[in-house]
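All remarks here apply to the structure that follows.
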């Protein structure tokens, strides 16, 4: 099987998965009548607005106005297909979701004032990606470096301390550590801003803007790295120790290679595929965890938008957020499969990797 | 017949020996034992909580009106040990004795509440409750404050207005002494008449005037010396009907520290909420992981055993669930359902099993190759028999390790959902308390106890299950590897 056909096959499977997730979301939202309720209230709002802005209607009596209103609402309902049963409208909703057409938000707006859900999400998505991808990369780097050190002397003092730290830091929710860090670094020591994405007023100079964002990003980044580098270090250490048991390491040692050559050129390279997997999975995982963390750090990304949508009961945004998170997850899995195919020839040739 | 009877005990002893070996291996893991002891303590604590604070207390805890007598956002009392100052705790004053007298057609009633105050800082608030019943004309009430030195300050002087239909009419006053505007102007008047000092009403600190050593600058000084000793709060009623009387007079002097865990912004005792979070978290964590390990094991074993169409379908289903964005979907579903914990538990497990199923499938694929399965088949054992008697038991040790290892994740997830206010609407959970803390600005307001304590509980429960899970995993994994 060529790499290309492997890719095509995986893409088809993942696309099918995505469509299934979207379908399930639509069905759940529709099954509880939420989609209809939202569409209905949006139409009512539109019609109300239209009638208020039309001077010709001002002289009519209340009864006549109500009648015209009802006619207009019925017309729009038919145009939107709301007179048909929900199940017949599912394909239409699915196509809309796949083309990133999420309709209008009820209350939330983008900072430019747009009420289109796709605009709102386009504004916040890069911020979440910025923070959590940086966080995942940083923790991976720190973790891999420390994991190498741990693997040098297994069960030595450093290894034991780091293992304990990994268990401890893995047992703390990121957002709680974030709350504690805000109390410590922002409230008590006042060295970092307590939250937000940029200062108010927003710096106009792009360089100053970048530094300002970086300054606000410090505290969340510290929290992300603090919570996850221990787990990384422990995993890398275990992977390396497993690799050390393998024959090719024995051969490399027998050839008389220095210990650092064995470590970096042979062992580390062999652990690359699982490390890449873990990195991507940790990015995916941290995006899910981002929801509460962004609330805690007041970081105006996808997660805080989700929380805001929940507290404002802004249903279109909630549904769109669920879609977009599914998009992101499936996209990361696709990248994962591609990278895996590139890194591990056994995958694309269809050989068993179960070992 | 006889042979069968002999066979049985030997199987039994074999099993017992395996179990004994397992237990002794587990006991060698110090971390695992620490985790186990912690879990047992949490279970005992849960049982204690459910009996010590019955369900009515939970209902009461949710009703913020029940907690007006407590100081809001007061740290726990033990901060006194670190502050080097003696900080006041809440005192409830009541039980005053009526002294009635009169001249001509005017009737008086006096009541006095005594309070010993020997702390270094003023209390957070003094809340005075006054109830008066009267017939016709409004009686006059006068509330005054007598300091240990004997200085008398008038706090409030007003005519009792009719707050209900009558006669008899009822007058009821809940006076927050430190923030009441009338009290503030009276303090300004007192400063003016005693010291000739003009202090603008907006900058008056009632606490300073009432509790501070006498000085012309006391009203808006940033730090003051407290006058220590016996204070008196005196209520004087001047009525025009002999049956008019004071029906209630009490005061709560709210401390600046409160209880073992402090209070939240509504004055609720955080101890009750945090304690009640324990059985809830254990229940959710344990039941959910047992359920999802059950689902995952069943699906994994079956899909590994029947490799054909059934296996393929189950494997694809597992992959599908594996790729779901769990927390966003859970938030979405919780938003629609507003689940109680009895809905939350199955909901969480529906999303939690795919990882387990994948591993169980791999184990099954390995076990299936072994000689004794072939032997059983040759003896005519049915598929179901092999599945239930030979393969499923092999995955059991692995299940136990996973049940423990999954608990922390579920506790975190439930906490996240509760944090957003989408969890169980009645039961207090640690996530809900932390969500309230975040919404009330606990992090930027420095209410550290409100953040530290519930999170610490999450951490302790999570780490005790992680320790036990890791210890089990270390025993179980080499066995699996040896088999492979």
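The values are calculated or read from the model by the stated rules, or taken from the named source; none is laboratory data. Remember, it's a predicted structure, so these values are computed and weren't measured experimentally. Note: ideal-geometry Cβ built from the backbone for every residue, glycine included; neighbour counts use all protein chains shown.
What to note about this one:
- Looking at B:422, B:460, B:452, B:467, just one residue is crowded, with 24+ Cβ neighbours inside 10 Å, assigned to a helix (DSSP H, G or I) and at the interface with chain A (Cβ under 9 Å from one of its Cβ atoms), and that residue is B:467.
- Count of residues meeting criterion [surrounded by 15 or more Cβ atoms within 10 Å (Cβ to Cβ) and farther than 24 Å from residue A:91 by Cα] in the range A:1-43: 2
- A single member of B:215, B:243, B:222, B:250 is part of a loop (DSSP other than H, G, I, E, B) and closer than 20 Å to residue B:88 by Cβ, and it is B:222.
- Every residue from the range B:42-63 that is part of a helix (DSSP H, G or I) and surrounded by fewer than 13 Cβ atoms within 10 Å (Cβ to Cβ): B:44, B:47, B:51, B:52, B:55, B:56, B:59
- Look at the range A:24-47: where a residue is closer than 30 Å to residue B:323 by Cα and a partner is outside any helix (DSSP H, G or I), sitting 6+ places away or on another chain with Cβ atoms under 7 Å, you get A:36/A:82; A:39/A:82.
- In the range B:125-159, the residues that are farther than 30 Å from residue B:89 by Cα, in contact (Cβ under 8 Å) with a residue 40 or more places away in the chain and either surrounded by 16 or more Cβ atoms within 10 Å (Cβ to Cβ) or out of contact with any strand residue (DSSP E or B) (no Cβ under 9 Å at 6 or more places or on another chain) (or both): B:133, B:134, B:139, B:140
- Of all residues making up the range B:141-168, the number that are outside any loop (DSSP other than H, G, I, E, B) and within 42 Å of the chain's Cα centre (by Cα): 12
- Sole residue being within 13 Å of chain B (Cβ to nearest Cβ) and out of contact with any helix residue (DSSP H, G or I) (no Cβ under 7 Å at 6 or more places or on another chain), chosen from A:8, A:13: A:13
- Condition met for residue A:72 (touching a helix residue (DSSP H, G or I) at 6+ places or on another chain (Cβ under 6 Å), part of a helix (DSSP H, G or I), surrounded by 15 or more Cβ atoms within 10 Å (Cβ to Cβ) and at pLDDT 80 or above): yes
- Among (1) modelled with pLDDT under 95; (2) more than 10 Å from every other protein chain (Cβ to nearest Cβ), the one test that residue B:442 misses: (2)
- Selected residue [surrounded by 14 or more Cβ atoms within 10 Å (Cβ to Cβ) and within 14 Å of chain B (Cβ to nearest Cβ)] from A:155, A:138, A:183: A:183
- Residue within the range B:203-223 that is modelled with pLDDT of 85 or more, buried (at least 18 other Cβ atoms within 10 Å of the Cβ), within 30 Å of residue B:135 (Cα to Cα) and under 41 Å from the mean Cα position of the chain (by Cα) present: no
- Filter result for the condition that a residue is away from chain B (no Cβ under 11 Å) and closer than 30 Å to residue B:439 by Cα, over A:305, A:278, A:268: A:305
- Residue count for the range B:78-99, restricted to those that are in a strand (DSSP E or B) and without any contact (Cβ under 8 Å) to a residue 40 or more places away in the chain: 1
- Of all the listed residues (A:213, A:225), the sole one being touching a helix residue (DSSP H, G or I) at 6+ places or on another chain (Cβ under 6 Å), more than 13 Å from chain B (Cβ to nearest Cβ) and in a helix (DSSP H, G or I) is A:225.
- Helices (runs of 4 or more DSSP H) fully within the range B:327-379 counting 2 or more residues that are more than 25 Å from residue A:322 (Cα to Cα), at pLDDT 85 or above and out of contact with any strand residue (DSSP E or B) (no Cβ under 9 Å at 6 or more places or on another chain): B:354-368, B:371-378
- Counted as qualifying within the range A:282-355 are the helices (runs of 4 or more DSSP H) with 3 or more residues that are at pLDDT 80 or above and farther than 16 Å from residue B:335 by Cα, namely A:315-343.
- Within the range A:308-332, being more than 10 Å from chain B (Cβ to nearest Cβ) and either more than 25 Å from residue A:179 (Cβ to Cβ) or crowded, with 21+ Cβ neighbours inside 10 Å (or both) holds for A:314, A:316, A:317, A:320, A:331.
- Taking the conditions (1) assigned to a helix (DSSP H, G or I); (2) touching a helix residue (DSSP H, G or I) at 6+ places or on another chain (Cβ under 6 Å); (3) more than 9 Å from chain A (Cβ to nearest Cβ); (4) under 28 Å from residue A:167 (Cα atoms) in turn, residue B:387 satisfies each one other than (4).
- Residue in the range B:180-197 that is without any contact (Cβ under 8 Å) to a residue 60 or more places away in the chain, surrounded by 17 or more Cβ atoms within 10 Å (Cβ to Cβ) and over 24 Å from residue B:110 (Cα atoms) present: yes
- Residue within the range A:44-63 that is crowded, with 16+ Cβ neighbours inside 10 Å, in a helix (DSSP H, G or I), modelled with pLDDT of 80 or more and out of contact with any strand residue (DSSP E or B) (no Cβ under 6 Å at 6 or more places or on another chain) present: yes
- The lone exception for residue B:397 - which of (1) crowded, with 21+ Cβ neighbours inside 10 Å; (2) more than 12 Å from chain A (Cβ to nearest Cβ); (3) touching a helix residue (DSSP H, G or I) at 6+ places or on another chain (Cβ under 6 Å) it fails: (1)
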